[in-house]
Amino acid sequence: MNLSNFGLDSITLAGPLAARLAACRAAGFSQIMLWARDLAEHPGGLEDAVRVVRGSGLRVTGLQVMRDYEGLDGALHEYKLDIARQLLRVCKAVGARLLVVSSSTSGHAGGERGRIARDLAKLANSAVPLGVKIGYEAQCWGRHVNGWEQAWEVVDMAAHANLGVVLDSFHMLAGGDALEGLEDIPSEKIALVQLSDFMLRALRSAEERITTAGHLRVFPGEGCHSAELSAMLRRLDRSGYRGSYSLEIVNDDYLQLPPEVVCERALMAAKWITDQVLRRSLQVRAYAGRTL
């Protein structure tokens, strides 16, 4: 593993889109996870946002996030499918190879596993012509799918080559998911691994999980769950996963700091993972006239 395996999530950094991209690139990262609103809210519009991203020299890890998609009927299903297809077109425009779909929290969504699998397969099929993959992520407050094992069960059931599971350490840790069995997921079916930690040992309610997820995440190596996070990463490494790791740190404090400062913390997290957890060294790379 080297730094090219790691990317930052744009939600971690403050400032205009161009400034966040530049800080990420200057720190030595080669990829970034974008949110659709990064592009929709860009002052110059979508076309200019695409130009800025494509000119940054960064690979787009993927696009966040399609919510409350699966398990719906009738007009609701058709509406959500249309929105998802619009997001797929944004993925294509900006060069994102992955659209993240988070497990539904909607009270209108059914929980039958086969139905969820069929809905995800339908979206994965729509994404094929655009060269975009669908990644399904369990939210720990999801209505019917709230753990990685359930998400993997659905993805496995769908049996679609263009659909994989997204493993998010925050949701796994906050939900108290067991780590046993992670190594049984074929590495090619893991679309992405998202990494973060938090400062409390336990989150006792859905409300506390949602608040922490949206405001108080910290980088790997900074939180209270380093042992569990290390165990997760080692299991994935032993299973042969060599894909991307996205540092998804949603933290109000970091949004008050210059993006360059936060990027330095991100580099420390990547180094903690490689040197302390996986016992490997980051490959030395030079960016913007500096060597890491």
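Need pairs with beta-carbon distance below 8 Å; first residue in contact (Cβ under 8 Å) with a residue 60 or more places away in the chain and within the range 76-97, second open to solvent by 90 Å² or more (accessible area, probe 1.4 Å); sequence gap 6+ or separate chains.
V94/R54
Checking the structure you have, find out if any residue of the range 81-104 is outside any helix (DSSP H, G or I) and farther than 30 Å from L17 by Cα.
Checking the range 81-104: not a single residue is outside any helix (DSSP H, G or I) and farther than 30 Å from L17 by Cα.
Which residue is nearest to A231 (Cα to Cα), if the candidates are limited to the range 243-274 and must be open to solvent by 10 Å² or more (accessible area, probe 1.4 Å) and of a type in the set (V, I, T)?
Only one residue tops the list, namely V250.
Among E149, E180, which is open to solvent by 60 Å² or more (accessible area, probe 1.4 Å) and assigned to a loop (DSSP other than H, G, I, E, B)?
E180
Within the range 131-143, is even one residue in contact with a helix residue (DSSP H, G or I) (Cβ under 8 Å, 6 or more places away or on another chain), touching a residue at least 12 places away in the same chain (Cβ under 8 Å), on the phi < 0 side of the Ramachandran plot and assigned to a helix (DSSP H, G or I)?
The answer is no; no qualifying residue exists.
For residues that are outside any helix (DSSP H, G or I) and free of Cβ contacts under 8 Å to residues at least 40 places away in the same chain, scanning just the range 160-177, find the one that is surrounded by the most Cβ atoms within 10 Å (Cβ to Cβ).
Here the answer is G164.
Can you tell me which of R209, R238, R279, R234 is at positive phi and open to solvent by 50 Å² or more (accessible area, probe 1.4 Å)?
Exactly one residue qualifies, and that residue is R279.
So in the range 21-41, with the set limited to residues that are under 17 Å from the mean Cα position of the chain (by Cα) and open to solvent by 10 Å² or more (accessible area, probe 1.4 Å), which one is nearest to L87 (Cα to Cα)?
Among those residues, the one meeting the criterion is A36.
Can you spot a residue in the range 114-124 that is open to solvent by 10 Å² or more (accessible area, probe 1.4 Å), over 18 Å from F170 (Cα atoms) and either modelled with pLDDT under 95 or part of a loop (DSSP other than H, G, I, E, B) (or both)?
No, every residue in the range 114-124 fails to be open to solvent by 10 Å² or more (accessible area, probe 1.4 Å), over 18 Å from F170 (Cα atoms) and either modelled with pLDDT under 95 or part of a loop (DSSP other than H, G, I, E, B) (or both).
Determine whether V155 is farther than 22 Å from R217 by Cα, among the β-branched types (V, I, T) and crowded, with 19+ Cβ neighbours inside 10 Å.
yes
Quick one: Q194 ticks every box in (1) open to solvent by less than 50 Å² (accessible area, probe 1.4 Å); (2) more than 16 Å from the chain's Cα centre (by Cα) bar one, so which box is it?
Failed condition: (2).
So is I190 among the β-branched types (V, I, T) and either under 25 Å from R217 (Cα atoms) or without any contact (Cβ under 8 Å) to a residue 40 or more places away in the chain (or both) or not?
yes
Cβ-Cβ below 6 Å, separation at least six or inter-chain, first residue in the range 8-20 and closer than 13 Å to P258 by Cβ and modelled with pLDDT of 95 or more, second assigned to a helix (DSSP H, G or I) and open to solvent by 40 Å² or more (accessible area, probe 1.4 Å): which pairs?
A14/L255
State whether the residues of the range 86-101 include one that is farther than 21 Å from W35 by Cβ and among the polar types (S, T, N, Q).
Scanning the range 86-101 turns up no residue that is farther than 21 Å from W35 by Cβ and among the polar types (S, T, N, Q).
Could you list all residues from the range 1-47 that are touching a helix residue (DSSP H, G or I) at 6+ places or on another chain (Cβ under 9 Å), among the hydroxyl-bearing types (S, T, Y) and in a helix (DSSP H, G or I)?
S10, T12
The values are calculated or read from the model by the stated rules, or taken from the named source; none is laboratory data. This is a predicted model, so every value here is computed, not measured. Cβ sites come from the backbone with ideal geometry, for glycine too, and all protein chains shown count toward neighbours. Each accessible area value is taken on the protein alone, full model and side chains, heavy atoms only, with ligands, DNA and RNA left out. Shrake-Rupley method; radii C 1.70, N 1.55, O 1.52, S 1.80 Å.
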